[in-house]
Amino acid sequence: MQKELNRQWWKEGVVYQIYPRSFQDTSGNGVGDIQGIISRLDYIKGLGVDIIWLNPVYESPNDDNGYDISDYRNIMEAFGTMADFDELLACMKERGLKLVMDLVVNHSSDEHAWFQESKKSRDNPYRDYYHWWPAEKGTPPKRWSFFDVESNAWKYDEATDAYYLHCFSVKQPDLKWENPKVRQEIYDLMQFWFDKGIDGFRMDVISFISKDTDFPELPESYKGEFIPFYANGPKLHDYLQEMNTAVLSKYDVMTVGEAPGIGIDRALDFVDEDRNELNMFFHFDLMGLDREQGETFIMAKEPWKLSEFKKIHSDWDAVFAEKGWGSMFLNNHDFPRTVSRWGNDSKTHWYNSATMLQTFLLSMRGTPFFYYGEEIGMTNVRFNSISDYQDINTKNRYKTIEQNGGDLGAFIENEKEASRDNARTPMQWDTSENAGFSKTKPWLKVNPNHTEGINVAAQDANKDSVLNYFRRMVEVRKDHPALVYGSYHLLLQADEEVYAYSRILGAERYLVLLSFSIEKVVKTIGEIKFEKAELVISNDDVETLSNDKLFELKPYQASIYKLH
Ligand code: TEU
């Protein structure tokens with residue numbers, strides 16, 4: 001018997017992520033702003049997407065581009081004012097677009113008033129808002145930091161002769177969730193934004209919020225990988241359930257946690273509807289596929305295998321087949337560009353691979369998240385010189401390698417494929433000097449390929465562009481509930497060239513064929529006869545073969561068929 005669909009707007013919606021610094025500058029400071037987003041809302045609506053996830057726009061000294069918040073109830077000056085924000089929300093509502101904000105509460109900025117108070121004295125009322133280790137207890141047990149030149153998450157502060165914990169940069173002290181006052185502050189600020197009318201939160205490193213505040217020496221099980229260790233805090237689910245009761249349950253909103261360190265074994269603890277925690281979360285299994293495992297972001301020596309790519313997605317789909325719900329993404333502001341990483345951004349294969357990957361995200365079961373520029377196939381910028389990079393992660397790791405006398409040339413080669421700045425270059429609107437992003441020098445260099453067809457103006461005018469394929473494929477998802485709610489069945493499991501699966505809802509059956517090969521391929525899938533199959537969409541010409549059990553795919557071709 002077919003189970004009930006449990007329809008939700010956030011399952012059916014397509015998400016468009018905007019990194020506000022890089023989207024559209026209207027004030028002329030080289031940094032994107034809220035008025036810029038407003039000016040592009042018709043474009044966004046015209047993509048067919050439903051939900052915007054906005055990276056942080058709150059007041060911040062920008063040590064980590066807004067992920068270091070100094071006031072949760074104010075807008076960053078470079079982005080505009082609260083009046084601009086209210087206008088954005090109103091304009092989005094007029095167009096039927098939903099807004100999901102970033103909630104960054106594992107840590108604040110060290111310039112937040114709470115931390116400014118906390119560091120003043122050991123008996124300050126805000127002392128216990130952060131994790132402090134008094135120096136008379138000796139050096140604190142090792143904890144690893146993402147953005148610290150020494151990779152040390154403890155920073156000594158002379159004023160009170162104590163260390164504070166910062167899992168990210170020294171300017172991002174971790175908030176102490178174990179303190180009920182901190183949790184109440186967070187629930188209050190969430191309520192502040194919900195009362196304005198926003199539609200949800202993407203929750204930054206939510207898997208890290210709970211800590212063992214005794215800070216024991218690392219356990220035996222610790223194998224040099226901090227992320228799963230950080231993600232396994234003792235009270236994590238108590239806090240999420242409390243947050244749900246206190247705030248989330250009162251609104252019809254969407255939540256998506258960023259959950260590094262969470263694998264399929266613990267997935268349902270977050271999103272099983274009966275547990276009242278979150279709607280979905282981002283896992284990082286795919287993002288780790290072509291990286292060395294451990295504490296680094298270094299590219300793996302071996303290329304990734306399609307069979308592994310399929311296994312990750314098939315395993316995650318299976319977890320949520322009966323309960324919970326998944327999310328699908330191939331890149332975001334922390335990872336290189338989709339077409340450069342998972343496809344092929346050479347002139348020959350760029351169009352097919354960019355549109356094939358769009359077809360993939362839009363034909364899988366979880367909610368698809370697209371990152372600005374993905375709809376026009378934006379690529380990695382691959383800066384040659386450290387002076388072009390702005391990202392704290394790249395800059396601080398460069399310093400570490402420099403201090404240790406390591407191979408800086410090899411590091412820059414790595415960053416050309418791995419740096420977060422690849423995904424942060426300004427949106428490519430047209431062929432003008434700064435790609436239509438700004439009238440002045442942008443905060444991060446524009447990718448020169450905006451003059452070579454990778455821009456909105458050119459692609460809008462061309463019916464066979466990546467952009468117009470994206471629009472058509474979004475419509476295909478909307479028109480076929482089986483692509484949203486249907487069950488997923490992997491076919492050709494071990495094949496290293498073609499990713500094939502079916503999506504089935506009631507009597508409706510669809511077959512998705514995705515080639516990841518740079519060669520033309522001819523294959524067969526059991527008894528499926530292509531003569532009878534009805535083509536729904538393809539990004540290339542479809543050949544009819546004389547043997548109707550065979551199908552052919554051009555390099556990076558994607559096709560969806562309705563099966564009868
Ligand atoms: O990122 C957390 C983070 O570092 C992971 O996404 C990481 O990339 C992954 O675990 C690698 O396996 C979030 C934000 O997205 C990022 O932009 C911020 O810099 C960071 O938190 C700190 O707020």
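The values are calculated or read from the model by the stated rules, or taken from the named source; none is laboratory data. Just so it is clear, the model here is predicted, and its values are computed rather than measured. Here the Cβ is made from the backbone with ideal geometry for all residues, glycine too, and neighbour counts use every protein chain on show. Just so you know, the surface numbers come from the protein's heavy atoms only, side chains and all, with ligands and any DNA or RNA stripped out. Shrake-Rupley method; radii C 1.70, N 1.55, O 1.52, S 1.80 Å.
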Provide the gained length on full extension for the span Lys549 to Glu508, in nm with one decimal, where the gain is 0.36 nm per separating residue minus the Cα-Cα distance.
12.7 nm
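Give me the net charge for the shell around Gly409: Cβ to Cβ below 13 angstrom, other residues only, Lys and Arg +1, Asp and Glu -1.
Values: positive: Lys416; negative: Glu402, Asp407, Glu413, Glu415.
That sum, taken over residues with Cβ under 13 Å, equals -3.
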Flagged as over-length at 31 Å C-alpha distance, from Lys155/Lys305; Lys155/Lys223; Lys441/Lys554; Lys171/Lys211; Lys196/Lys310; Lys137/Lys301, the pairs are Lys155/Lys305; Lys441/Lys554; Lys196/Lys310; Lys137/Lys301
In degrees, nearest 10, the alpha-carbon axis of helix 408-418 is tilted away from the dominant principal axis of the alpha carbons of the chain by 60
Keeping all protein chains in place and using 1.4 angstrom, which order do Lys523, Lys93 fall into by accessible surface area, from largest down?
Lys93, Lys523
Please state the shape class of the stretch 176-222: rounded when a/c is under 1.5, otherwise prolate if a/b exceeds b/c and oblate if not, all from the C-alpha gyration tensor.
oblate
Relative contact order of the chain, defined on C-alpha pairs under 8 angstrom at six or more residues apart (%)
13
Helix-only [θ] at 222 nm, the chain, -39500 (n - 2.57) per DSSP H run of 4+, per residue, nearest 500, equals -7500 deg cm²/dmol
Filtered GluC sites (Glu not before Pro), the stretch 132-241: DSSP coil and at most 14 other beta carbons within 10 Å
Glu150, Glu217, Glu220, Glu225
Cβ-placed point charges (K, R +1; D, E -1), dipole of the chain about Cα centre in debye, nearest 20
960
Take every Cα pair under 8 Å in the stretch 1-149 that's 6+ residues apart, average their separations, divide by the length, and report that relative contact order as a whole percent.
19
Would you list, by chain and number, the lysines whose Cα falls below 21 Å from the Cα of Lys445, excluding same-chain residues fewer than 8 positions away?
Lys395, Lys416
Order 300-307, 44-51, 536-543 from most to least packed using the mean count of other Cβ atoms within 10 Å.
44-51, 536-543, 300-307
Charge context of Glu534, other residues only, Cβ under 13 angstrom, K/R +1, D/E -1
+2
Any idea what angle helix 306-319 forms with the longest principal axis of the chain, computed on alpha-carbon atoms, 0 to 90 degrees, nearest 10?
70
Using only the Cα atoms of the stretch 463-516, build the gyration tensor, take square roots of its eigenvalues as a ≥ b ≥ c, and label the shape rounded, prolate or oblate: rounded if a/c is under 1.5, else prolate if a/b is larger than b/c, else oblate.
oblate
When we measure straight from the Cα of Lys176, which aspartates and glutamates land under 14 angstrom away, once same-chain ones fewer than 8 places off are left out?
Asp110, Asp128, Glu185, Asp212, Asp214
Looking at the stretch 431-478, which trypsin sites (Lys or Arg not before Pro) are DSSP coil and have at most 15 other C-beta atoms within 10 Å of their C-beta?
Lys439, Lys463
Only sites in a loop by DSSP and with at most 16 other Cβ atoms within 10 Å count here; which GluC sites (Glu not before Pro) in the stretch 3-93 make the cut?
Glu4
Hey, what angle do you get for helix 82-94 against the long axis of the chain, alpha-carbon based, 0 to 90 degrees rounded to 10?
30
Measuring from label point to label point, each 7 Å out along Cα→Cβ, what is the Lys520 to Glu111 span in nm?
5.9
For Leu47, net neighbour charge (Lys/Arg +1, Asp/Glu -1) across residues whose Cβ lies under 15 Å away
+2
So for the chain, taking the charge dipole from beta-carbon charges (+1 Lys/Arg, -1 Asp/Glu), which of Val104, Met190, His564 sits furthest toward the positive end?
His564
Among Phe281, Ala418, Ala533, the residue whose Cα sits farthest towards the positive end of the charge dipole of the chain, when +1 is placed on the Cβ of each Lys and Arg and -1 on the Cβ of each Asp and Glu, is Ala533
